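A.B. asks: This is the structure I want to talk about, given as structure tokens.
Each reported figure results from applying straightforward, stated rules to the coordinates on display, with no laboratory input. Bear in mind that the values here come from a model prediction, so they are computed numbers and not experimental data. All Cβ positions, even for glycine, are placed from backbone atoms using ideal geometry, and neighbour counts span all protein chains on display.
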Amino acid sequence: MTQNISQKIISNHLASGEMTGGSEISIQIDQTLTQDATGTMAYLQFEAIGIARVKTEVSVSYVDHNLLQTDFRNADDHRYLQSVAAKYGLYFSRPGNGVSHQVHLERFGKPGKTLLGSDSHTPTGGGLGMLAIGAGGLDVAMAMAGRPFNLKMPKIVGVELTGRLRPWVSAKDIVLEVIRRLTVKGGVGRILEYYGPGVETLDVPSRASICNMGTEAGATSSVFPSDQGTLEFLRSQDRESDWTELSADQGAGYDEIIKIDLSSLEPLIAQPSSPDRVVKVSEISGSEVSQVILGSCANSSLRDLLVAARVLEDRTIHPDVSFEVNPGSRQVLENLAAGSGYLSLVKAGARIHQPGCLGCIGMGQAPATGTRSLRTFTRNFPGRSGTKDDSVFLCSPEVAVAAAITGVITDPRELGEYPDVLQPAELLVDDSMILSPVENTADVEIIRGPNIQPLPRMDPLPADVEGVVLLKVGDNISTDDIMPAGAAILPLRSNVPAISEFVFTRVDPSFAGRAKSAGGGFIVGGENYGQGSSREHAALAPRYLGVIAVIAKSYARIHKSNLVNFGILPLEFKDSSDYDIIKADARVKIAGARDKIKDGHALLSAEVCGQSVLLRLDVSAREREVLLAGGLLNYVRKE
Ligand code: MIC
Ligand code: SF4
């Protein structure tokens, strides 16, 4: 039988289930990655599972998010992570070595392998022909313990690329076009698999940028073939032997098809405050800009920084613009410095930061009040930058650098000749900031700072599920709305009681207090509830506050799994118009919920102010057991 790439990788890793759309499958995981903001919790959970050493081929712990150290807490977490990596046989990528996805692409990713990462942009690895999936930290902990990863068999969407990009148009414009067409929820339950003659015109860093932001369409993953371009990239990384060819069989089919003629694309930009508010740059050119940042896991490869450096040769940035550069990795920075790129950026006036996530997650770099910020980042959800009522646009390095020069949103095609930059064939490759797994771990001690609090214990699901509606929200609520990040809150990621005080603070600052005094309750949401990051704190912290169920029109994939993992019922309206019946503060009771869930009922009847509303529980048999146990850790302990 002919297979596409996704089917090939899944069937090679299938541990259980049928590969038919929508049914639960489990796949064996070859590699894992964590980053520090999700990693502390993931390793606390790994410790709780009680395994002596990771069971994967490669597991890497990265420190890239919480790089500002305004007190001891982030620094303590870094030391905890380093000691855990040494104890359990992981690689450890030190603070300053770069964003997990960029470093993993450079140093560890392999065509045909599976990668599970506790970060929603893990699909970046698809640029190398891996099946790379983002998940909550607990799922990654389970994968490190050797357990297969469970998911619904996604639909495979073929994205056919034809033609060739015109000057000043680059990978970001391709993926912004995909997001424009799909919106932030059109990719849910799908893998985006790229094919067609346009593929070979794109180098691996460009493919990685495209896979990276498939996440913004809600996709489970994105994947490219592994071809001569992949071989060249791996050769430049001294990793030629990691290459294998991978392509879809002749005549292999897809569940759906999207066609993009690369030569028809123009520079695009996503407007505030959602990645799918995409328009042509030419439609909004001329608006003033106060900040431009080049960086994040979407666009901080050497290619991206070199394009900016070449454009800025003999130019200076506009006096009203702060132009900032966050290299994706130390390798990128070293190679930029080895050529003339670093000098041209510095001379032009760029503020060059250490490699890492930085302003992408509000770790500094907040823009000024009432001004526009253009960023090559992944997301522009409201307030994520750290500034209330921010106005953040997402664009390519080409569009970013054009605005840095002119001070207004500018179609980069106005800048003249395009410096077409490709990944150099020879790179400086240096792994000295990656610590290898320790062989003899008996004497390794785990270092815990005072901010690292033990995991809270969770009770099993009660017989009846009842409580008040603590909050009612609309469509596309992101995990940044539920559990904000930023420099003030991220240091609390290893301290659930402390971080739970910030649940929904940007939406309703009284949420945590009300939840605690009501002894918990329900949250009501619209479509695509929980879009965005993989942070399990967006489930764990509400659970700590007593949230027992969410009732929404639909869910984003990772957040739904996180809700189950932490024992919160992810309920859906059978009839979405019932959303209007359930008002904030209403009392909801699902009598006999526990028994019904145990007996496999897919529909539960809830009583709301004298009316009855039908709710769907669309979870697998395994997930039912997890919910009954009060979460995945309880379930595994019971096993
Ligand atoms: C993000 O881009 O939102 C993050 C911060 O990388 C998150 C992970 C986290 O919240 O720690 C993600 O994308 O999963
Ligand atoms: Fe880091 Fe931003 Fe990428 Fe998240 S999206 S991993 S915060 S660079």
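A.B. asks: What is the mean projected area of the alpha carbon convex hull for the stretch 491-633, to one decimal in square nanometres?
C.D. replies: That works out to 8.4 nm².
A.B. asks: Let me ask you something else. All other residues with a Cβ under 9 Å from the Cβ of Leu604 taken together, and with Lys, Arg as +1 and Asp, Glu as -1, what is their net charge? Before the final figure, lay out the partial values.
C.D. replies: Values: positive: Lys596, Arg616; negative: none.
Spelling it out: positives minus negatives among the neighbours equals +2.
A.B. asks: What length, rounded to one decimal in nm, is gained on full extension from Asp508 through to Ser263, with 0.36 nm per residue of separation minus their alpha-carbon distance?
C.D. replies: Full extension of this stretch gives 83.6 nm more.
A.B. asks: Continuing with the same structure: If the limit is 23 Å between Cα atoms, which of Lys55/Lys598; Lys155/Lys638; Lys155/Lys583; Lys388/Lys472; Lys113/Lys152; Lys55/Lys560 go over it?
C.D. replies: Details: Lys55/Lys598 32 Å; Lys155/Lys638 33 Å; Lys155/Lys583 35 Å; Lys388/Lys472 21 Å; Lys113/Lys152 19 Å; Lys55/Lys560 26 Å.
Listed pairs above 23 Å: Lys55/Lys598; Lys155/Lys638; Lys155/Lys583; Lys55/Lys560.
A.B. asks: According to the Kirkwood expression over distinct Cα-Cα pairs, how big is the hydrodynamic radius of the stretch 550-639, in Å?
C.D. replies: About 13.6 Å for the stretch 550-639.
A.B. asks: Distance from a point 7 Å along Cα→Cβ of Thr201 to each backbone N in the stretch 401-445: keep the residues under 15 Å and list them by number.
C.D. replies: 420-421
A.B. asks: Next question. What is the packing order of peptides 567-575, 448-456, taking the mean over residues of other C-beta atoms within 10 Å and listing the highest first?
C.D. replies: Ranking the peptides 567-575, 448-456 by packing returns 567-575, 448-456.
A.B. asks: Let me ask something else about it. Based on C-alpha coordinates, I'd like the Rg and Dmax of the stretch 438-574, in Å.
C.D. replies: Here Rg and the maximum Cα pair distance are 16.0, 55 Å.
A.B. asks: Could you give the C-alpha radius of gyration of the stretch 347-476 expressed as a fraction of 2.2 N^0.38 Å, taking N as the number of residues it contains?
C.D. replies: The stretch 347-476 yields a ratio of 1.68.
A.B. asks: Oh, and also: Under the √(5λ) rule applied to the eigenvalues of the Cα gyration tensor, what semi-axes describe the equivalent ellipsoid of the stretch 499-545? Give them in Å, descending. Mind dumping the intermediate values first?
C.D. replies: Values: eigenvalues 63, 30, 22 Å².
Its equivalent ellipsoid spans semi-axes of 18, 12, 10 Å.
A.B. asks: In addition: Rg and Dmax in Å for the stretch 586-639, alpha carbons only: what are they?
C.D. replies: Just the Cα atoms of the stretch 586-639 yield Rg and Dmax of 12.7, 40 Å.
A.B. asks: If one takes the longest principal axis of the Cα atoms in the chain, at what angle in degrees, from 0 to 90 and to the nearest 10, does the Cα axis of helix 36-49 lie?
C.D. replies: Around 40 degrees separate the two axes.
A.B. asks: Take each of the peptides 96-109, 17-30, average the number of other beta-carbon atoms within 10 Å over its residues, and list them starting from the highest. Mind dumping the intermediate values first?
C.D. replies: Numbers: 96-109: 28.1, 17-30: 16.4.
In descending order of packing, they fall as 96-109, 17-30.
A.B. asks: Among the lysines, which have Cα under 20 Å from the Cα of Lys172 when same-chain residues fewer than 8 positions away are ignored?
C.D. replies: Lys185, Lys259, Lys280
A.B. asks: Consider just the alpha-carbon atoms of the stretch 74-147 and return their Rg together with their Dmax, both in angstrom.
C.D. replies: Radius of gyration, then largest Cα-Cα span, for the stretch 74-147: 12.6, 36 Å.
A.B. asks: How are the alpha carbon pair distances in the stretch 179-275 distributed across 5 Å bins from zero to the largest one, expressed in percent?
C.D. replies: 3, 11, 19, 23, 21, 13, 8, 3, 0
A.B. asks: If one computes P(r) from the Cα atoms of the stretch 81-220, what percent of pairs lie at distances over 27 Å? Intermediate values should be presented prior to the final figure.
C.D. replies: Values: 2239 of 9730 pairs.
That tail contains 23 percent of the Cα-Cα pairs.
A.B. asks: Let me ask you something else. Which FRET efficiency, nearest 0.05, do Thr316 and Lys388 yield, Cβ-Cβ r, R0 30 Å? Please report the intermediate quantities before stating the final value.
C.D. replies: Working: r = 31 Å, r/R0 = 1.04.
So, using R0 = 30 Å, E works out to roughly 0.45.
A.B. asks: Sticking with this structure for a sec: Taking every eigenvalue of the Cα gyration tensor of the chain, multiplying by 5 and rooting it, what semi-axes result, largest first, whole Å? Could you put the intermediate results ahead of the total?
C.D. replies: On the way: eigenvalues 276, 143, 129 Å².
Square roots of five times the eigenvalues give 37, 27, 25 Å.
A.B. asks: Can you list the aspartates and glutamates whose alpha carbon is less than 18 Å from that of Lys553, not counting same-chain residues fewer than 8 positions off?
C.D. replies: Partners within reach: Asp475, Asp481, Glu527, Glu572, Asp575, Asp578, Asp580, Glu607, Asp618.
A.B. asks: OK, next. Mind listing the Cα extents of the stretch 171-227 along all three principal axes, in Å, largest one first?
C.D. replies: 29, 20, 17
A.B. asks: Here's something else I'd like to know. Could you size up the charge dipole of the chain around its Cα centre, putting +1 on the beta carbon of Lys and Arg and -1 on that of Asp and Glu, and report it in debye to the nearest 20? Walk me through the intermediate numbers first.
C.D. replies: Working: 62 positive and 75 negative charges, 286 e Å.
Around 1380 debye, computed over the chain.
A.B. asks: Could you tell me what % of all Cα pairs in the stretch 139-233 have separations over 24 Å? Don't jump to the answer; show the numbers that get you there.
C.D. replies: Details: 1225 of 4465 pairs.
So the pairs more than 24 Å apart make up 27 percent of the total in the stretch 139-233.
A.B. asks: Follow-up question, since we're still on this one. Which number comes out as Rg/Rh for the stretch 10-152 once both Rg and the Kirkwood Rh are worked out on C-alpha atoms? Intermediate results must be reported in sequence, preceding the final value.
C.D. replies: Numbers: Rg = 14.8 Å, Rh = 15.1 Å.
Radius of gyration relative to Kirkwood radius: 0.98.
A.B. asks: Enter the per residue convex hull volume of the stretch 1-86, computed from alpha-carbon coordinates, in Å³ rounded to the nearest integer. Let's see the in-between values first.
C.D. replies: On the way: hull volume 11.8 nm³, N = 86.
Output value, Cα hull per residue: 137 Å³.
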